[in-house]
Amino acid sequence: MSKTMTSWTTELTLKQTLSVLDHFSASHARRGGEHGSAILSLIEGKKYAELCSYELPQNEFGWDVSQLINCRQALAFYSKLHPLEIGEDKELNAWTKFVESEVACKQTNQLFRAHANGNVSFLPRVERVFKRARGKIARVLGPVPRIDQLSLRFGPGSTTSIKRSQAIPQNKLAEQPTCSVELFQSPYLAHLFESMPHWLDCHVDFEILDAETEVGVMDLQIDTGALEFVPKNAKTLRGIDKQPTLNTLIQSGIGSYIERRLERYGLGIRDQTKNQRLARSASISDDLATIDLSSASDTIALEAVRYLLPEGWFYLLRATGCRVTSYKGREIKLEKMSSMGNGYTFPLETIIFWALTASACEGSVGDVSCYGDDIICPAHKAGDVIEVLNVAGFAVNTAKSYVNGPFRESCGADYYLGIDIRPFYQKTLVSAKTLFLLHNWYYADGDVDRCQELIKIIPTPLRLFGPPEYGDGHLHSCTWDRKTKRDQRRKGYGGSYFTTYSIPGTKIVSRYPGDYVTPLYVLYTSRELPLLEYSEGIEFSRNGRPIWVAPSDNKSGVYEIVSIYTFC
């Protein structure tokens, strides 16, 4: 086994991967009681489809917590393993889910259009909740911002014209500008160029019409979104709607603006710990419900957003999004407002779900918190919240929503009567890199025996040990090789070094000599930082061209060994 791991990132075959996972999964199943015995039988029979579909009654009282933890871990080795083949057409499943979400959005749009025309009325209690929600959303969002009030910046992801491996701002600035037809027809495009005149100059050819008139002509490409599917779990893929480059610039700015507005009202979306704390508390007190939605971002219907948001905000979001996406050469007119791939989707769904939940629970005692579609509300109000969410077009994922009982989950945290029972999920083929992750998970859990088993699997030349506070590029240990340098010992330094693996980003040197737009973009996006702090972080090539670091896709297998200085 170890001979096949020639480097830290070398992946085993699927057969070898399952051999490793079966061993550790079986060791957990043997400690899982009655359900563990059933799971062990499936492991020994290599019935992976049944393992991925196994329903564990984790919300029942009476569990021996140790058995529950072991059963969950035995199953978690397979449920999110992307390369595992269990007879499912993963892309077809994802496409089917996408189509179902569009059908649901179309029905929601028809409902809200009929309501706007006076042909349909909601129940009085639902009308009251919607009215309160609209007021909350308007208050949190405030006035519609101008384009020059947004922190415009490119995100790290791909666009319809640039692959992720090349998704650096310099390439996005240098390409022929692309945008959706909605953005092209809106006033926001002109405002965008006014905010970045130096960028505009790089793409404009000026023509003299007469002695007093000069006209700038720019070649602008109109594009649709691009639907693609990426790994999610053993059964299906996850849909992402890539956006044209100019759209991503504004969408990111809008998303950041909404995020700042949420923070002003104590609704920050950079920290998941509030939801996690409430989930733990609820698993003990049973006074709060955790609600999860199915395909939340794909069911934000256009007309529901028009109804809930102030008019100016609705037109800003619609104008900067894509109403059409393409998939396998086919163009699809979307019924949804936005989806993953759009920079303002997550803040938008957070404010909508919070406003609807808080309005449905108004006047009751209990916490309300939303992080995306992870919703927490008083348990006795869960029925009212679900009713309003359903009317607004959202479907509750009953398999992951908990109103009563000893189990709660939210924002990647799982609790049974206050005890953390979150398992380790294996998502890719086994490599030394993933074995490091599993080892460190066992180390944090105090499982010394399994840590030793994993170390034996990892080839000796690949083993690096270090303290647990510095990531997972090394095997966590309380004993590790402390290295020092002679000159530092002479100066009285008391710390030492250890080595760890790191996945570096891809450095891309600017292809354009005399490039002044890229440094100006960096200054623009770093205007909140002191100039000195910004300038010290710039890296240039020998001929003075700026160097950008593209996000690593982890597919190249490239890594490096770095030294870290510590007082541990």
Answer residue from the range 383-400, given it is in contact with a strand residue (DSSP E or B) (Cβ under 6 Å, 6 or more places away or on another chain) and in a helix (DSSP H, G or I) and is surrounded by the most Cβ atoms within 10 Å (Cβ to Cβ) among those: Val385
Please go through the range 92-117 and pick out each residue that is touching a strand residue (DSSP E or B) at 6+ places or on another chain (Cβ under 8 Å) and either within 17 Å of Cys52 (Cβ to Cβ) or among the hydroxyl-bearing types (Ser, Thr, Tyr) (or both). Asn93, Ala94, Lys97, Ser101, Thr108
Which of the following residues is more than 38 Å from the chain's Cα centre (by Cα), exposed (fewer than 14 other Cβ atoms within 10 Å of the Cβ) and not acidic (Asp, Glu): Arg490, Arg482? Arg490
Got a sec? Which of Gly492, Gly473 is under 30 Å from Ser165 (Cβ atoms) and either touching a residue at least 60 places away in the same chain (Cβ under 8 Å) or in a loop (DSSP other than H, G, I, E, B) (or both)? Gly473
Looking only at the range 400-450, and only at residues there that are among the basic types (Lys, Arg) and out of contact with any helix residue (DSSP H, G or I) (no Cβ under 7 Å at 6 or more places or on another chain), the one that is farthest from Asn233 (Cα to Cα): Lys433
Tell me whether the range 167-178 contains one or more residues that are closer than 30 Å to Glu263 by Cα and either assigned to a strand (DSSP E or B) or aromatic (Phe, Trp, Tyr) (or both). no
Just to be sure before I move on: is Gln67 within 30 Å of Ala301 (Cα to Cα), part of a helix (DSSP H, G or I), out of contact with any Leu (no Cβ under 6 Å at 6 or more places or on another chain) and not charged (D, E, K, R) in the structure I sent? no
Matching residues, the range 101-121, being surrounded by 15 or more Cβ atoms within 10 Å (Cβ to Cβ) and more than 22 Å from the chain's Cα centre (by Cα): Ala104, Cys105, Lys106, Thr108, Asn109, Leu111, Phe112, Arg113, His115
Name the pairs whose Cβ atoms lie under 8 Å apart, with the first residue in the range 236-264 and under 17 Å from Lys336 (Cβ atoms), the second of a type in the set (A, V, I, L, M) and at pLDDT below 95, and 6 or more positions between them or separate chains? Arg238/Val230; Arg238/Met340; Gly239/Met340; Ile240/Val230; Ile240/Met340; Asp241/Met340; Ile254/Leu150
Would you check if Gln73 is of a type outside the set (Val, Ile, Thr), in contact (Cβ under 8 Å) with a residue 60 or more places away in the chain and part of a loop (DSSP other than H, G, I, E, B)? no
When you scan the range 291-298, do you find a residue that is closer than 22 Å to Phe184 by Cβ and assigned to a helix (DSSP H, G or I), even just one? no
On the basis of being surrounded by fewer than 17 Cβ atoms within 10 Å (Cβ to Cβ), among the aliphatic types (A, V, I, L, M) and either out of contact with any strand residue (DSSP E or B) (no Cβ under 7 Å at 6 or more places or on another chain) or not in a helix (DSSP H, G or I) (or both), does Ile86 make the cut? yes
Inter-residue pairs, beta-carbon under 9 Å, first farther than 16 Å from Glu453 by Cα and of a type in the set (A, V, I, L, M) and in the range 423-437, second at pLDDT 95 or above and in a helix (DSSP H, G or I), 6+ apart: Leu429/Leu14; Leu429/Gln16; Leu429/Thr17
Can you find even one residue in the range 317-335 that is outside any helix (DSSP H, G or I), free of Cβ contacts under 8 Å to residues at least 24 places away in the same chain and in contact with a strand residue (DSSP E or B) (Cβ under 8 Å, 6 or more places away or on another chain)? yes
For the range 123-165, name all the residues that are surrounded by 17 or more Cβ atoms within 10 Å (Cβ to Cβ), part of a helix (DSSP H, G or I) and either modelled with pLDDT under 95 or touching a Lys or Arg at 6+ places or on another chain (Cβ under 8 Å) (or both). Leu141, Ile147
Name the one entry in Gly366, Gly341, Gly372, Gly329 that is buried (at least 24 other Cβ atoms within 10 Å of the Cβ) and at pLDDT below 95. Gly341
What number goes with the only condition from (1) in a loop (DSSP other than H, G, I, E, B); (2) touching a residue at least 24 places away in the same chain (Cβ under 8 Å); (3) over 30 Å from Ile86 (Cβ atoms) that Trp313 does not pass? (1)
Consider only pairs whose beta carbons are under 8 Å apart and that are at least six residues apart or on different chains; among these, list those whose first residue lies in the range 438-462 and is in contact (Cβ under 8 Å) with a residue 12 or more places away in the chain and whose second residue is of a type in the set (S, T, N, Q). Leu438/Gln426; Tyr443/Ser477; Arg450/Ser27; Ile457/Ser2; Ile458/Ser2; Pro459/Ser2; Leu462/Ser7
Yes/no for Leu183 being surrounded by 11 or more Cβ atoms within 10 Å (Cβ to Cβ), among the hydrophobic types (A, V, I, L, M, F, W, C) and within 26 Å of the chain's Cα centre (by Cα): yes
With modelled with pLDDT of 90 or more, at negative phi and either in contact with a Ser or Thr (Cβ under 6 Å, 6 or more places away or on another chain) or not acidic (Asp, Glu) (or both) as the only criterion, which of Phe193, Phe184, Phe206 stands out? Phe184
Residues of the range 6-61 being free of Cβ contacts under 8 Å to residues at least 40 places away in the same chain, under 27 Å from the mean Cα position of the chain (by Cα) and outside any helix (DSSP H, G or I), in sequence order, are Tyr54, Glu55, Leu56
For the range 63-86, give me each residue that is of a type in the set (Gly, Ala, Ser) and either under 26 Å from the mean Cα position of the chain (by Cα) or modelled with pLDDT under 95 (or both). Ala74, Ala76, Ser79
Does the range 500-515 include one or more residues that are at pLDDT 70 or above, polar (S, T, N, Q) and touching a His at 6+ places or on another chain (Cβ under 7 Å)? yes
Would you pick out the residues in the range 244-290 that are assigned to a loop (DSSP other than H, G, I, E, B), closer than 30 Å to Thr224 by Cα and at pLDDT 95 or above? Pro244
Take the conditions within 23 Å of Pro83 (Cβ to Cβ), outside any helix (DSSP H, G or I) and out of contact with any Gly (no Cβ under 7 Å at 6 or more places or on another chain) and apply them to Leu429. Does it pass? yes
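The values are calculated or read from the model by the stated rules, or taken from the named source; none is laboratory data. Given the structure is predicted, the values throughout are model-derived calculations rather than measurements. Every residue, glycine as well, gets a Cβ built from its backbone with ideal geometry; the counts of neighbours run over all protein chains shown.
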